[in-house]
Each structure stands twice: as C-alpha cells, then as structure tokens.
Amino acid sequence: MGYLTPLRNALPNSVAELPVIDSIGTRCPQPIIDAARFLRTQPIGTAAILLSDDPATAPDILAWARMTHNYSEQLEPAKFLVRKESDF
Amino acid sequence: MAIPPIFEQAWPGYSKLSAEARGLAILRNEAIATIAGHLGVEPDWLHVLGETNLGFYLGLQGLLSPTQPLQVSAIDRQEILAIADSHSNSEILSVSPEGQILQNPDAQAVLSWQLGNGETGVAQQSAPIAKSIFVDATHTGARLSLPQNWSTALWDSRNWAGPEGVSILAVHPNSGWRNPLPHNDNRVVPGGSSTGLLIASALAIDSWVADEKIQGAMISQVHQRIRGYISERIADVDFATPENPSMPHLLSLSFLYVDGEQLLNALLAKGFAVDSGSACNAANLEPSHVLAAMGKLTQGNIRLTIHHTVTPEEVDGLLNAIEECVAELRG
C-alpha cells in the first residue's frame, strides 16, 4: 500500500478515472495478455485498472510486473492497478 | 503381460503358520530391511501402508493433541493443508521466493516439514524446529536423508520407480506417537498392504539407487542444459526451480502470455509428456498453490521430470519442441 501513495499523488486523475481493461470472464493467461497489450501502446507512466475474476490473475499480475519491470497491485479481489514503468 | 511369480508366492498371508506363510514373512522382513537401509532408518520403525494419503493423517495427527499448535507450510500437499484446516490451532507458514519455509519456531508445536517439493524440486536447507516433526518425504524418496530430530516420516514407493500403492510410514520410538484411528490392538497401520507390491518396491529401490549412482551426474547435466538453452533462446520465462537444486530431476518453468494446457497438448502432439501447474483448464480453476506461494508465474507452466533413461537426442527433441510450441502459442 505504501508504494501506491507517491503513485497516486503523481497521477492527474484518481484511480476511479483511469482507463479500464475489462477481462471479466476470461481465463489465464488472457487477462495478463490484455493488460500487456494495452500498456504496450501507451507511454511510460500510464496506469490502468485491470478487471479480472480469474483466480490466477492475483499471483500472475504480480509475477508479470516483476518479470517485465512494471508495477501492479491488487486493489480488490477482482480489481488490479497496473502501471507501465518500462518498455517491454 | 505376465504377472510376476512373487504374486503367486504372496497369496498365503505372512502372519499364518504354514511353511509358505513363514517363507513369505521372511521375504517381507527382508524387503522392509532393504527399504529401511536405503532410507537410513531402523527396520523396526517402518510400517507399510497401501494408501499414501492415509499416511499423512497417521503421521501428523498421531503426534498432535487437540489443542496443540500445528504448523504447516504454504507449499505442503493438499492433504496436509486439509488436516491443518480441520485443526483448531493451526498456522500456515509462508515461503521465500526460493521456496524455503519461513519458520516461526514454537517449542510446543507439531510441524509438518516437507523435505523436498515434488513440483519445483526445492529442498529445505535449514533444520526444522518444533516439539514434534512430521517429515513429508513423499517427493524425495531415497534422495535426501531425514533431519536429525524427526518424529514421523512418510515415503511413497513411486519415488524410486516402485509400484503405486506402497507407502512407508516411519514412527520414531521417542516421538510419543499415538494411533489417531479407532483401534483395539497396538498396530500402527490398519494393515491390508500387498506383500507382493512391497517386495516389488524393495527390488525397485535397490535398482533405483544403483541407477542414480551411475546416472545422477547425467541428470544434473541435462537439467543445466535445458535451463541454459531456454534462458538463452526464449524470452519472459520464470523458473520456479532454483539454480543447482537438490533434486535436479525436476524442472518447473513458466512462459508468460502462454496457456499452460495448450502448451501441454502441443508438446504431447510432438511426443513429449510433461506436467503443468497452470490452471488454464475448466477442470481446475485454481492455479498451483506452490507456485502462487513462491510468487512465481502460474500461467504457461510446465514441469519436466528427467528420468534415468533419457537420451541426448530426446533432450534435443524436447528443446526444439518447447521453442516451437511457445513461439506458436505466443503468436
């Protein structure tokens, strides 16, 4: 949670106004592919909300962030914050 | 297929008084002594079980009083996590990214200690600390020896390429173990295990140990070769198995943006049978709890088991197949 404070402060908009990637109902690895596809087209610093009810998303979005040098955080059971921090 | 002669000899039941039964009892004792020798425990402490999952309950519950703290780890097998679920005073210990159990030493606790993990090949490097220790050796077999302070331990015969349906429960005489099942005699296990299968298991452990002496170094080399090739040629791979593992016959790795079940089937179509800890299929919604506990990628996961009989050509074929299949599935 501590990580998010400077990030939230740096954002022009609140989390509620971020672009939403809706992967509800899709199974792994689709939600992670959806998040990566969206962020690849965006400039570094772009944040988005990923909606996913797949049980594999919680561990996998964290592993994705570690592997690709980006940022992710689980906000709610089916809601994740992702932020582009590298060109991957 | 012929049924081995041992099953013809094994019909009388070893506890009867006939000459055949006495002969069988001698064979049975020899089988137990052989297995005990390879596992590094006294034959008198071993008990033969027909059902591994019952062994988790006997080994762990027999050490535990109703209010005593029970510690298990997040990478323990589902059967052990289920025992923890049903106990009122239990704690699930988390693990490091390398799969090492983060202990929270409690001098009163019963601890479930997984000697080595069957999914990732991770072996515990530290010594367990607790009042009583159940050692899950069902994935390590004759590879790793028990910690000094073990109370009970369980092995599965399949680990030394022995038959399914033979498990070995060891109960240390100083463990204070009590039979948790309803009983009216002093037997440790319910009985009903197959003497024929036990003897087959003893023959198997002898031959597995001999093979491992000759082929163990080759398996480590194959492990390093697969790891090196994939790291060099394929991007976005997460290895769950640490470098230089204690059980190099296992290699668990995950490919980002790949569906594990599709990868499994694509490899099967090319003639390679591997396992997966991914959840990308309708039958199992939950990803591998072991990978999740270690913070590893669960999607696109495959688990390779390297057998004593593997050839360099088979390894080449597998590496090509993995490279092709991953590239195709990533589009």
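Give just the number: which of (1) in a helix (DSSP H, G or I); (2) open to solvent by less than 30 Å² (accessible area, probe 1.4 Å); (3) of a type outside the set (A, V, I, L, M) does residue B:265 not satisfy?
(2)
Tell me, which residue of region A:40-55 that is out of contact with any helix residue (DSSP H, G or I) (no Cβ under 8 Å at 6 or more places or on another chain) and within 15 Å of residue A:30 (Cβ to Cβ) is farthest from the other protein chains (Cβ to nearest Cβ)?
The extreme case among them is A:51.
Does at least one position in region B:257-272 carry a residue that is within 14 Å of chain A (Cβ to nearest Cβ), under 22 Å from residue B:95 (Cα atoms) and in contact with a strand residue (DSSP E or B) (Cβ under 9 Å, 6 or more places away or on another chain)? Let's see the steps before the verdict.
Narrowing region B:257-272 to residues within 14 Å of chain A (Cβ to nearest Cβ): B:257-264.
Add one more test, that the residue is under 22 Å from residue B:95 (Cα atoms), and what stays is none.
Scanning region B:257-272, I find no residue that is within 14 Å of chain A (Cβ to nearest Cβ), under 22 Å from residue B:95 (Cα atoms) and in contact with a strand residue (DSSP E or B) (Cβ under 9 Å, 6 or more places away or on another chain), so the answer is no.
Consider region B:286-331. How many of its residues are under 20 Å from residue B:233 (Cβ atoms) and within 14 Å of another protein chain (Cβ to nearest Cβ)?
Total meeting the criteria: 9.
Any idea which of (1) within 20 Å of residue B:297 (Cα to Cα); (2) away from chain B (no Cβ under 14 Å); (3) open to solvent by 40 Å² or more (accessible area, probe 1.4 Å); (4) not polar (S, T, N, Q) is the one residue A:62 doesn't satisfy?
Residue A:62 satisfies all of (1) within 20 Å of residue B:297 (Cα to Cα); (2) away from chain B (no Cβ under 14 Å); (3) open to solvent by 40 Å² or more (accessible area, probe 1.4 Å); (4) not polar (S, T, N, Q) except (2).
Kindly establish whether residue B:91 is within 20 Å of the chain's Cα centre (by Cα), more than 18 Å from residue B:188 (Cβ to Cβ), open to solvent by 40 Å² or more (accessible area, probe 1.4 Å) and free of Cβ contacts under 8 Å to residues at least 40 places away in the same chain.
On the way: within 20 Å of the chain's Cα centre (by Cα): no; more than 18 Å from residue B:188 (Cβ to Cβ): yes; open to solvent by 40 Å² or more (accessible area, probe 1.4 Å): yes; free of Cβ contacts under 8 Å to residues at least 40 places away in the same chain: yes.
So residue B:91 fails the test.
Looking at region B:96-139 only, could you name the residues that are aliphatic (A, V, I, L, M) and open to solvent by 20 Å² or more (accessible area, probe 1.4 Å)? So that I can check it myself, show each step before the final result.
Kept after step one, since they are aliphatic (A, V, I, L, M), are these residues of region B:96-139: B:101-102, B:107, B:109-111, B:115, B:122-123, B:127, B:129-130, B:133, B:135, B:137.
Listed by number, the residues that qualify are B:102, B:107, B:127, B:129, B:130.
Of everything in region B:1-50 that's within 17 Å of residue B:203 (Cβ to Cβ), at pLDDT below 95 and of a type in the set (D, E, K, R), which residue is most open to solvent (accessible area, probe 1.4 Å)?
This residue is B:8.
Checking residue B:53 against (1) modelled with pLDDT of 95 or more; (2) in a helix (DSSP H, G or I); (3) of a type in the set (S, T, N, Q): exactly one of these is not met. Which one?
(1)
Mind listing just one residue for me: the one in region B:228-262 that is at pLDDT 95 or above and among the hydroxyl-bearing types (Ser, Thr, Tyr) and, of those, most open to solvent (accessible area, probe 1.4 Å)?
B:231
The values are calculated or read from the model by the stated rules, or taken from the named source; none is laboratory data. Quick caveat: nothing in here was measured; it's all calculated off a predicted structure. Using ideal geometry, Cβ is built from the backbone for each residue, glycine included, and neighbour counts are taken over all protein chains shown. Just the protein is used for accessible areas: all its heavy atoms, side chains included, with ligands, DNA and RNA removed. Shrake-Rupley method; radii C 1.70, N 1.55, O 1.52, S 1.80 Å.
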